[in-house]
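Peer 1: My structure is below; once you've seen it, I'll send some questions.
The values are calculated or read from the model by the stated rules, or taken from the named source; none is laboratory data. Keep in mind it's a predicted model, so treat the numbers as computed, not measured. Cβ placement follows ideal geometry from the backbone for every residue including glycine, while neighbour counts extend to all protein chains displayed. What goes into the accessible areas is simple: the full protein's heavy atoms, side chains included, and nothing from ligands, DNA or RNA. Shrake-Rupley method; radii C 1.70, N 1.55, O 1.52, S 1.80 Å.
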Amino acid sequence: LKCLMFFIPVLLFANRIDIRQVLPHRSEYTLLLNNLENAIALDFHHSRELVFWSDVTLDRIMKANLNGSNVEEVVSNGLESPGGLAIDWIHDKLYWTDSGTSRIEVANLDGTHRKVLIWQSMEKPRAIALHPIEGKIYWTDWGNTPRIEYSNMDGSGRRIIADTNLFWPNGLTIDYAGHRMYWVDAKHHVIERADLDGKNRKAVISQGLPHPFAITVFEDSLYWTDWHTKSINSANKFTGKNQEIIRNKLHFPMDIHTLHPQRQPAGGRNRCGTNNGGCSHLCLPSSKAFTCACPTGFKKVDQYNCFLLFARRTDIRRISFDTEDMSDDVVPLADVRNAVALDWDSKDGHIYWTDVTTDSISRALWNGSKQEVVVDTSLESPAGLAVDWVTHKLYWTDAGTDRIEVSNADGSMRTVLIWENLDRPRDIVVDPVGGFMYWTDWGANPKIERAGMDASSRVVIISSNLTWPNGLAIDYQTERLYWADAGMKTIEFGNFDGSNRQVNTALSLPHPFGLTLHEDKIYWTDWQSKSIQSADKMTGLGRSTLAENLENLMDIHMFHRHRTTGTLSPCLVNNGGCSHLCLLAPAPKGSSCACPTGINLQTDGKTCTPGETHTLARTNYCKSLSALTLKKITRANINGTQQEDIISTGLMTTDGLAVDSVGRKIYWTDTGTNRIEVANLNGSMRKVLIWRNLDSPRAIALYHEMGYMYWTDWGEHAKLERAGLDGSDRVVLISNNLGWPNGLAVDKAGSQLLWADAHTEVSIIMGCFLGDLQHPYGLTLLGPHIYWTDWQSRSIQRADKTSGANIITVRSNLPGLMDIQAVDRERPLGYNKCGRRNAGCSHLCLPRPNGTSCACPTGILLKSDGSTCEEMPETYLLFSNRVSVRRISLDTADHTDVHVPVPELHNVISLDYDSVDGKLYYTDVSLDVIRRVNLDGSEMETVVSQGLKTTDGLAVDWVARNMYWTDTGRNTIEVARLDGSARKVLVNNSLDEPRAIAVFPSKGFLFWTDWGHIAKIERAHLDGSDRKVLINTDLGWPNGLTLDYDTRRSETF
């Protein structure tokens, strides 16, 4: 193939979900890369044998080898709609357009040294083409003033070369030999050409172009893609005649290029020479020579001096004040979902941010390295964040939990500072010099408050003429507090005690959010104008826009290295004498000691000691022990350490969970699969206990001593049932007067069963009703009290368990409340019925009312001795769902699919089983390998690792000890020994998209399906000879193929 590519032009095109190649005038059609999200633009580097493409769904620029291997991310952040891409094959640079950010950028081929090249007077830049020999960039812009422009490749010498009779100028290509450029306009349905300076413009084709998108040229022909006809077409580049459809019925053809060395002539001079032109970073061609350039945000010094740092929900950006263009560039961070609040610490160069989607606080160095999560538990809406840069503490507000908390900078020693009389706390700032913290609250009664950084001396300083007080900032020079109010549309300031309040009269703002100060200027973000602006901090005059057209702007801070530290802090000397947290406080106190949440401060006011005996553990919809979204069951120590997933497969909606702490088992209900299951506490020996006649099983409770489990079912006919802990002796206890029976608890002391019903809005205690409840969900017992969670009131409540009297609210303002459990460390566990030698059972020992019973993991039969399990099912089905392999036993009646623990699965398409050696063989089209493994997951090995593209079909010849596979990417059928040796191509002609494959060893036949242009089913001998088409009519996409060896028939699907 490599030799042919040097002589035969190949059309390389993006097809949204894949990238393909087609030979002009032959319609030979091959797959290069598949399983893509939304590939739009592409280009190639012929001498390096690389292909590059942009994905506008992932907002990524990717690259791979021209054979489809080694897929890598090149640019992974700061992109919004990268619709154009071009490769400088002489100077090894990557250029791209982004209509979302309205920029043209450049970087090395690996994405390093990224620079915003052109950003002014750009609207919606689309197509881009390079002429590295001449040092020129050409691009189209289909904004409000459609045009075609060019500049030097260093961004200088910009010039408009066409701006009339344009509407949607999409594709653009350069004819290097003819010294012309060609472009398509989808609105005017035309293909035009002009000289490289825009002169001698002429329409080449003006009819029969419904929606042309991209264009390329080779020798005397033009090739273009069309969205409407979903085709690739060609015509003579001089006359527009001899129009021809190269390939139609494509998925969604996008960009197109001719893959041939003539399209990247090697004769051009590398202006940067062999030493990068002597440049430390970027060497970019200019009109006659080259220009040394720096990545965005850098000037020719060692590091940043100061920059604006701001959050944009899905990324964090900076605007350097050290460079002329002041373009914003993205801090290269991973997994930023919804960043809101920011702060920084110049001592170690860390930036900190909150994320209200992941409910976490993270940090990284300002260059994006050493990223880590510092707080990720018990957060619900952390919208405010402040760094105490003197003692290195984090302060934050949480509008979900209505708290202000503090921790060390690494998230350790966390404690709640303020939790009373908070409605919707928003921004927070700290003054380590004065020992105060300030925060805004835009609840029902908006206000700005102040307290010591140890929560002492709390006072409301502003409570009138506020609507949505957002950003806060402290001016240490004038000792003033500034705030932005999105409802009042103002920025105001006053003294630290709230006196001498003034409105910055020159400012009228649509929706200010974040606020920061530096020297004599104030900077703010505005949601409505989508801009970052600045003005004089005292007068509001000299207002200027630093950045615009920025969606989802949030917090903003000025990063510099001159923060005030004041006199020596008492916390910096022996930690203020504190055993744990030393918090700053206003004079004369100076500091105070505090303990992490749940630990008590001793009477000496310095030392912390543990002090927890009884605890209520609650879950919410984001962090449930049986995580519904992640579909797994997890366990951890009560302090959150040593977290591990114990069940991570085969779950759908695990609404109920109960631990038998005596028998060391975990039970759960699943409303998605309608099952009740049991496993050891580590997740092993998992078994389906009940699967028949379940509609929507919800809550579950256990009584080990009596050998019973109880569960609620709120399906069409709601009921409360009981069975032995082994699933035996099942009986319906209650089936009337039930709506949505949620929480369930066993009162062992009172021999009572308690449950909550969200539909009838009551809790029932063996016939006693607690009325006027809104939506009770979780339920638990502790001592003489019953506790429950309520969805509608968002609270945890308590009442006397016997009478239902004395109802009180334990905690309120807890959105997303789910289950609740009481932890009583003083209660003895009791006698384990299975404790002595596991009651003789080889696997599971499960209690029942009159003793115990032995049980086996799902799908495994119990032997006739009643205590020992078989090793494997006798008959079973094996199937893959891309990322896992599953097994369904046909020996047992439940027919539950069980996870086969095969490691490192990415995209398993086909599999087969060798019953002789007990090996599973499978193909992984993401890794492009064929592997084999034992069914217990051991001895996994790769048997074929090279020369594969899309191995959709696999079959094992268990007699001759060979394996056969189809490769849709290479359009071949191959065979090898089971260890991958002696590999041979059997069939490689007249195959379009071979898919499923099956063997009949005793008859010596090989069968396969092909769902290419003409779908068919074929047969050949096992050596590839005597090939014959069996079926080629009434087929669409023949996928599955199997053989009935008894009746000698084949079945397809």
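Peer 1: For an R0 of 45 angstrom, estimate the FRET efficiency from the Cβ-Cβ distance between SER728 and ILE17 and round to the nearest 0.05.
Peer 2: Here the calculated transfer efficiency is 0.30.
Peer 1: Oh, and also: Taking the Cα centroid of the stretch 669-743 and of the stretch 138-163, what is the distance between the two, rounded to the nearest whole Å?
Peer 2: First find each Cα centre; the distance between them is then 69 Å.
Peer 1: Leaving ligands, DNA and RNA out of it, report the carbon-plus-sulfur percent of the accessible area of the stretch 768-885 at a 1.4 Å probe.
Peer 2: 48
Peer 1: Let me ask something additional. May I ask for the net charge around TRP419, where only other residues with Cβ less than 14 Å from the Cβ of TRP419 are counted and Lys, Arg are +1 while Asp, Glu are -1? Intermediate values should be presented prior to the final figure.
Peer 2: On the way: positive: ARG403, ARG414, ARG424, ARG458, ARG811; negative: GLU380, ASP398, ASP402, GLU405, GLU420, ASP423, ASP441, GLU449.
Taking every other residue near TRP419 into account, the sum is -3.
Peer 1: Using only the Cα atoms of the stretch 1-131, what semi-axes does the equivalent ellipsoid have when each is the square root of 5 times a gyration tensor eigenvalue? Give whole Å, largest first.
Peer 2: Each semi-axis is √(5λ); the values are 25, 16, 14 Å.
Peer 1: State, to one decimal in nm, how far the label point of ALA636 lies from the label point of ASN408, with both points 7 Å from Cα in the Cβ direction.
Peer 2: 1.8
Peer 1: Using a 1.4 angstrom probe on heavy atoms only, work out the carbon and sulfur share of the accessible area of the stretch 184-277 in %. All intermediate terms of the calculation are to be shown ahead of the outcome.
Peer 2: Values: 2010 of 4270 Å².
The computed percentage sits at 47.
Peer 1: Report the gain in length on full extension from ASP376 to ALA334: 0.36 nm times residue separation, minus Cα-Cα distance, nm rounded to one decimal.
Peer 2: 13.6 nm
Peer 1: For the chain, what is the mean residue ellipticity at 222 nm derived from helices alone (per DSSP H run of n ≥ 4: -39500 (n - 2.57); sum divided by total residues; nearest 500 deg cm²/dmol)?
Peer 2: Details: 1 runs with 4 residues, N = 1053.
0 deg cm²/dmol, from helical runs alone.
Peer 1: Here are some pairs, LYS665/LYS801; LYS63/LYS93; LYS347/LYS370; LYS115/LYS370; LYS63/LYS288; which of them have Cα atoms lying more than 19 Å apart in this structure? Could the numbers behind the result be given before it?
Peer 2: On the way: LYS665/LYS801 27 Å; LYS63/LYS93 13 Å; LYS347/LYS370 15 Å; LYS115/LYS370 23 Å; LYS63/LYS288 30 Å.
From LYS665/LYS801; LYS63/LYS93; LYS347/LYS370; LYS115/LYS370; LYS63/LYS288, over 19 Å: LYS665/LYS801; LYS115/LYS370; LYS63/LYS288.
Peer 1: Then there's this: Can you classify the chain as rounded, prolate or oblate using the Cα gyration tensor, where a ≥ b ≥ c are the square roots of its eigenvalues, rounded means a/c under 1.5, and otherwise it's prolate if a/b beats b/c and oblate if not?
Peer 2: Here the chain falls in the oblate category.
Peer 1: Along the stretch 851-863, what does the Karplus equation 6.51 cos²θ - 1.76 cosθ + 1.60 (θ = phi - 60°) give for ³J(HN,Hα), rounded to whole Hz, x for Gly and Pro?
Peer 2: After applying 6.51 cos²θ - 1.76 cosθ + 1.60, I find x, 9, 9, 8, 9, 10, x, 3, x, 9, 8, 7, 5 Hz.
Peer 1: Hey, another quick one. Once amide H atoms are placed 1.01 Å from N in the peptide plane, what residues at a sequence separation of 5 or more from TRP344, or on another chain, have their amide H within under 5 Å of its amide H?
Peer 2: So TRP344 has HN proximity to TYR352, VAL387.
Peer 1: Compute the relative contact order of the chain as a whole-number percentage, counting only Cα pairs closer than 8 Å that sit 6 or more residues apart in sequence.
Peer 2: 4
Peer 1: Normalise the Debye intensity by I(0) for the stretch 916-1025, one equal point scatterer per Cα, no solvent, then take log10 at q = 0.15, 0.19, 0.20 Å⁻¹ and round to two decimals.
Peer 2: So the normalised log intensities work out to -0.59, -0.94, -1.04.
Peer 1: While we're on this one: Using per-residue counts of other Cβ atoms within 10 Å, averaged over each peptide, order 538-545, 375-382, 585-592 from highest down.
Peer 2: 375-382, 585-592, 538-545
Peer 1: Under a point spin-label approximation (7 Å from Cα along Cα-to-Cβ), what is the ASP163-MET940 distance to one decimal in nm?
Peer 2: My value for the distance between the label points is 5.9 nm.
Peer 1: May I ask you to compute the full-extension gain from ARG1027 to ASN574, defined as 0.36 nm times their residue separation minus their alpha-carbon distance, rounded to one decimal in nm?
Peer 2: Gain on extension, ARG1027 to ASN574, equals 154.5 nm.
Peer 1: Still on this structure, I have one more. Report, in whole Å, the centroid distance computed from the Cα atoms of the stretch 990-1032 and the stretch 462-541.
Peer 2: Distance between centres, Cα-based: 74 Å.
Peer 1: Next up: What part of the accessible area of the stretch 1-135, given as a whole %, is carbon or sulfur when the probe is 1.4 angstrom? Kindly include the intermediate steps, with their values, before the conclusion.
Peer 2: Working: 2270 of 4770 Å².
Roughly 48 percent of what the probe reaches on the stretch 1-135 is carbon or sulfur.
Peer 1: ASN270 to GLU551: extension gain in nm, 0.36 nm per residue of separation minus the Cα-Cα distance?
Peer 2: Taking ASN270 through GLU551 to full extension adds about 97.2 nm, to one decimal.
Peer 1: Give the accessible surface of the chain per residue, rounded to a whole number of Å², with probe radius 1.4 Å and ligands, DNA and RNA excluded.
Peer 2: Details: 44770 Å² over 1053 residues.
Averaged over the residues of the chain, the accessible area is 43 Å².
Peer 1: Give the accessible area for CYS595 in Å² (nearest 10); use a 1.4 Å probe, count only protein heavy atoms, and leave out ligands, DNA and RNA.
Peer 2: Solvent-accessible area, nearest 10 Å²: 10 Å².
Peer 1: Could you order ARG932, ARG1027, ARG424 so the one with the most accessible surface comes first? Probe is 1.4 Å. List each step's numbers first, then the result.
Peer 2: Working: ARG932 40, ARG1027 75, ARG424 110 Å².
Descending order: ARG424, ARG1027, ARG932.
Peer 1: Give the distance, in whole Å, between the Cα centre of the stretch 203-243 and the Cα centre of the stretch 4-79.
Peer 2: 21
Peer 1: With only Lys, Arg, Asp and Glu charged, each at its Cβ (+1 for the first two, -1 for the last two), find how big the charge dipole of the stretch 785-830 is about the Cα centre; round to the nearest 20 debye.
Peer 2: My answer is approximately 80 debye.
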